[in-house]
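The values are calculated or read from the model by the stated rules, or taken from the named source; none is laboratory data. Just so we're clear, the structure is a prediction, and the values are computed from it rather than from any experiment. Neighbour counts run over all protein chains shown; Cβ positions are idealised from the backbone, glycine included. Heads up: the accessible areas ignore ligands, DNA and RNA and are worked out on the full protein's heavy atoms, side chains in. Shrake-Rupley method; radii C 1.70, N 1.55, O 1.52, S 1.80 Å.
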Amino acid sequence: MPRLLLFVFTTMLGLGNSIGQIPSDSIYDGWLANRARSIFQQVDHGKFFGTTTGYIQVAVGKDTLVLDFQATKTSLDLIKDLGAAYDNSTKRYSTQTTSGKTSFTYEAYSLANSFTIVLNGERYNISTVDGACDMPIGGLTFNYCHDGNTEYLSLLATQPLRLTTTKYLMNTKNLEYLDALKTAKSITVLSGSTLILSIRK
């Protein structure tokens, strides 16, 4: 437990370097150094397991929900990039809430990442996995550290994150972006939402 508290403290301490700033060379260097700390960075395929603890606070219309995770079973799938353009693989973390009613997926490829919540059958997403994949989601801090063969990935929302069903509608209904926007639904992950994903290598 003391290691976990130290990990959360260091994550919070590092926020001052990136919140509200336009990315500079030093911020990019920090992101790259952070990514390089992952013990899975040089692994290009495989499936690993662990748990997720924390909560996500979500605004749905006028309601606010708390999605809580209490050591819920979590898997990490490493999907090899055959072209290896910017990274060896996509890291896909999958888990669900303590009740099992809502699922959560986090993906990382190079510096880009994606955050998906399936709530009441609707798939809400925010993603920067596109183009050069050199920018993470603004307002979502990620941090890797490890203790032996266990890696801890913390995700902290430092500002509200708007997730929509736009991408899901485009993929399932074969809609153009502007057409999908017309019927897309949205939810907002509120700042302070925090997850710690612990995965054994």
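Values computed for the structure shown
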{"read-out": "Criterion (closer than 17 Å to Leu32 by Cβ, at pLDDT 95 or above, open to solvent by 10 Å² or more (accessible area, probe 1.4 Å) and polar (S, T, N, Q)) met by exactly one of Asn88, Asn143, Asn125, Asn149", "value": "Asn143"}
{"read-out": "Members of region 39-64 found to be loosely packed, with under 15 Cβ neighbours inside 10 Å, under 21 Å from Ser193 (Cβ atoms) and in contact (Cβ under 8 Å) with a residue 24 or more places away in the chain, listed by number", "value": "Thr64"}
{"read-out": "Identity of the residue in region 128-140, farther than 20 Å from Val58 by Cβ and hydrophobic (A, V, I, L, M, F, W, C), that ends up least open to solvent (accessible area, probe 1.4 Å)", "value": "Cys133"}
{"read-out": "All positions within region 28-38 that are surrounded by 12 or more Cβ atoms within 10 Å (Cβ to Cβ) and under 16 Å from Cys133 (Cβ atoms)", "value": "Tyr28, Trp31, Leu32, Asn34, Arg35, Ser38"}
{"read-out": "Per-region count, region 147-197, residues in a strand (DSSP E or B), within 15 Å of Ser127 (Cα to Cα) and in contact with a Ser or Thr (Cβ under 9 Å, 6 or more places away or on another chain)", "value": "8"}
{"read-out": "Ser193, sole failed condition from (1) buried (at least 19 other Cβ atoms within 10 Å of the Cβ); (2) of a type in the set (S, T, N, Q); (3) within 28 Å of Asp81 (Cα to Cα)", "value": "(3)"}
{"read-out": "Within region 161-186, tally of residues that are over 30 Å from Lys47 (Cα atoms), in contact (Cβ under 8 Å) with a residue 12 or more places away in the chain and open to solvent by less than 80 Å² (accessible area, probe 1.4 Å)", "value": "4"}
{"read-out": "Selection from region 43-63 of residues that are under 18 Å from Glu107 (Cβ atoms), outside any strand (DSSP E or B) and not hydrophobic (A, V, I, L, M, F, W, C)", "value": "Asp44, His45"}
{"read-out": "Per-region count, region 135-169, residues in contact with a Cys (Cβ under 9 Å, 6 or more places away or on another chain), farther than 21 Å from Tyr28 by Cβ and not hydroxyl-bearing (Ser, Thr, Tyr)", "value": "1"}
{"read-out": "Contacts under 6 angstrom Cβ, first residue in region 68-93 being closer than 16 Å to Ser154 by Cβ and free of Cβ contacts under 8 Å to residues at least 24 places away in the same chain, partner open to solvent by less than 50 Å² (accessible area, probe 1.4 Å) and of a type in the set (S, T, N, Q), 6 or more apart", "value": "Ala71/Thr51"}
{"read-out": "Lone qualifier among Lys80, Lys73 - being modelled with pLDDT under 95 and open to solvent by 40 Å² or more (accessible area, probe 1.4 Å)", "value": "Lys80"}
